[in-house]
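One structure is given here, and the rest of the page talks about it.
The values are calculated or read from the model by the stated rules, or taken from the named source; none is laboratory data. Treat the numbers as computed from the prediction; the structure is a model and nothing was measured. Neighbour counts are summed over all protein chains in view; Cβ atoms, including those assigned to glycine, are modelled from backbone coordinates with ideal geometry. Just so you know, the surface numbers come from the protein's heavy atoms only, side chains and all, with ligands and any DNA or RNA stripped out. Shrake-Rupley method; radii C 1.70, N 1.55, O 1.52, S 1.80 Å.
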Amino acid sequence: MADNVPQDLKYTQEHEWARVSGKIVVVGITHHAQQTLGDIVYVELPKLGAQVTAGDSFGTVESVKAVSELFAPISGKVVKVNDDLTEEPELINTEPYGDGWLVEIELSDAGQLSNLMDAAAYEKLIKE
């Protein structure tokens, strides 16, 4: 199980992950989420420079089963968007923690990171 929940990431209740590097936070959806969704066919992401708020929707991911909202793990400004997902949304299925990342957000409040789960807490959540 641990292979599918990298220990160095932070997680949300809504199954997003956050890789923190200084003030930049890379965001994606977890292996568990992409597995639950099934084959991802379309992703709608925010525009570069958009402000996102922790806990609020910032886009959607559409699979063969459903359309699901994406929720920002932290507040800040979108400084990079994974444009590869426009042509290859299936990258989220094949590499949820690699090339399937969604956006990079410049953190506006580092204190919000303490609201995210560590890998152990997330593993417990998805086992329930």
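Simple spin-label estimate for residue 66 and residue 21 gives 3.2 nm between the two label positions (7 Å along the Cα-to-Cβ direction from each Cα). Taking θ as phi - 60° and the Karplus parameters 6.51, -1.76 and 1.60, the scalar couplings of the stretch 38-55 work out to x, 5, 8, 10, 7, 10, 10, 10, x, 6, 4, x, 5, 8, 10, 10, 3, x Hz in sequence order, x denoting glycine and proline. Length, then width, then depth: along the principal axes, the Cα atoms of the stretch 11-128 run 36, 35, 22 Å. Counting only the backbone N, which residues of the stretch 31-58 are under 13 Å from the spot 7 Å out from the Cα of residue 90 toward its beta-carbon? Answer for the stretch 31-58: 39-42. Look at the dipole of the chain built from charges on Cβ: of 18, 42, 107, the Cα furthest out on the positive end belongs to 107. Summing Cβ point charges (Lys, Arg +1; Asp, Glu -1) relative to the Cα centre of the stretch 63-109 gives a dipole of roughly 220 debye. Using the 1.4 Å probe convention, the accessible area of the chain works out to 52 Å² per residue with neighbouring protein chains retained. Put a plus charge on the Cβ of each Lys and Arg, a minus charge on the Cβ of each Asp and Glu, and nothing anywhere else: the dipole of the chain about its Cα centre is then about 440 debye.
In this structure residue 84 has an accessible area near 90 Å², from a 1.4 Å probe over the protein heavy atoms. Sorted from longest to shortest, the spans of the Cα atoms of the stretch 1-65 along the three principal axes equal 30, 27, 17 Å. Under a crude label model (7 Å from the Cα following the beta-carbon direction), how far is residue 42 from residue 13 in nanometres? About 2.9 nm separates the two model spin labels. The portion of the accessible surface of the chain made up by carbon and sulfur, rounded to a whole percent, is 47 (1.4 Å probe; DNA, RNA and ligands excluded). Averaging the Cα positions of each part gives two centres, and for the stretch 29-88 and the stretch 107-128 these lie 18 Å apart.
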